[in-house]
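Notes follow the structure.
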Amino acid sequence: MVLWYIIALVVEALVVGGLARLALPGPDPMSIPMTIVLGIAGTFLGGIVAYLFLGHAGGLIFALLGSTLLLYLHRRFVQHRPITGPGAKRPPS
């Protein structure tokens, strides 16, 4: 029973992380485990924000928003790439 719950969480994190990667244009050389970590972290961040503003869990929308925000911050401050313009399409160094 617990194993199925963990598998469902990993699949949901993969879907949320993948949707966040699709939401931002440009190349993202990220492995599947890193996409899952992105989805888990974004779900956690989105849940905290939803709880602070709404008083309850936010669901898929807040998870996707949290993952997209984390991916944006990763590109901006770790890869030093913009989201738009000529530098957005270049692969990270």
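The values are calculated or read from the model by the stated rules, or taken from the named source; none is laboratory data. Nothing here was measured: the structure is a model prediction, and the numbers come from that model. For neighbour counting, all protein chains shown are included, and Cβ atoms are generated from backbone atoms with ideal geometry for every residue, glycine included.
The set of residues in the range 31-78 being surrounded by fewer than 17 Cβ atoms within 10 Å (Cβ to Cβ) and not in a helix (DSSP H, G or I) consists of Ser31, Gly55, His56, Ala57, Gly59.
Residue count for the range 1-55, restricted to those that are of a type outside the set (A, V, I, L, M, F, W, C), at pLDDT 90 or above and touching a helix residue (DSSP H, G or I) at 6+ places or on another chain (Cβ under 8 Å): 10. Residues that are of a type in the set (Val, Ile, Thr) and more than 9 Å from the chain's Cα centre (by Cα) do not occur anywhere in the range 63-77.
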